[in-house]
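The values are calculated or read from the model by the stated rules, or taken from the named source; none is laboratory data. Keep in mind it's a predicted model, so treat the numbers as computed, not measured. Here Cβ is always computed from backbone atoms with ideal geometry, including for glycine, and neighbour counts include all displayed protein chains.
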Ligand SMILES: Nc1ncnc2c1ncn2[C@@H]1O[C@H](COP(=O)(O)OP(=O)(O)OP(=O)(O)O)[C@@H](O)[C@H]1O
Ligand SMILES: [Mg+2]
């Protein structure tokens, strides 16, 4: 009998965390000539799978610009951005649209729900766009958001907190690896902001997504794995 050598055991836990988002030497400017606004100036950034990173910085420092680039909504003037295997800076507009649909969930300050669609229809959209329509998933999500009795309502029939809960559900329903939140509690009162923040953090942990949040609020900083400050076009670890 030949000796059977068992295959080497593979350790599923990598020794170093896997980077999901890598940005190198990113330069972004708006306008031309004397009116040029230099926003990002050779910015470097890495976020690992499952990490929660908060980005702070004064108004106009470029936080939204950075999130738009990481989400493939815009292209930098120079530098490299990679999310998983997707090299965003080498992709066409159409490829980036497909990337956004599959890989990214966005949560905005102003909720950005589609006003002519009901709550359930807003939640259904990312699934339908990815060819994964599922009534069960929508029912489960409504329950998770505490909005089962609001399924048939339209966004203008909801409070701000409820609208943002729907927006969080819509961002996460297809379990995207990357969630980008731009001042997600900026339009909410203090108590509602806290509830929405906790819900977002819990749900992101459940899906194992990486969360990158731009905010002026203090509360998210305590929950984050890392806080970075955007200043003079670069990111630095906040002390
Ligand atoms: N589409 C655009 N065209 C021209 N300038 C722009 C554009 N978008 C942003 N800017 C400029 O780029 C700079 C960075 O803007 P950005 O919105 O990224 O800042 P921010 O850090 O998100 O600010 P806030 O905290 O107020 O949201 C600002 O000076 C802004 O005026
Ligand atoms: Mg902004």
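Could you grab me the full set of residues in segment 164-187 that are under 23 Å from residue 218 (Cβ atoms), touching a helix residue (DSSP H, G or I) at 6+ places or on another chain (Cβ under 7 Å) and away from ligand 1 (no atom under 16 Å from the Cβ)? Within segment 164-187, 164, 165, 168, 179 meet the criteria.
Within segment 107-123, not a single residue is modelled with pLDDT under 95, in a loop (DSSP other than H, G, I, E, B) and over 21 Å from residue 201 (Cα atoms). Restricting the first member to segment 49-77 and to residues that are closer than 18 Å to residue 108 by Cβ and modelled with pLDDT of 95 or more, and the second to residues that are part of a loop (DSSP other than H, G, I, E, B) and within 12 Å of ligand 1 (Cβ to nearest atom), the beta-carbon pairs closer than 6 Å and six or more apart or on different chains are 63/57; 68/74. Looking only at segment 57-91, which residues are over 22 Å from residue 102 (Cα atoms), away from ligand 2 (no atom under 11 Å from the Cβ) and buried (at least 16 other Cβ atoms within 10 Å of the Cβ)? Answer for segment 57-91, where residues must be over 22 Å from residue 102 (Cα atoms), away from ligand 2 (no atom under 11 Å from the Cβ) and buried (at least 16 other Cβ atoms within 10 Å of the Cβ): just 79.
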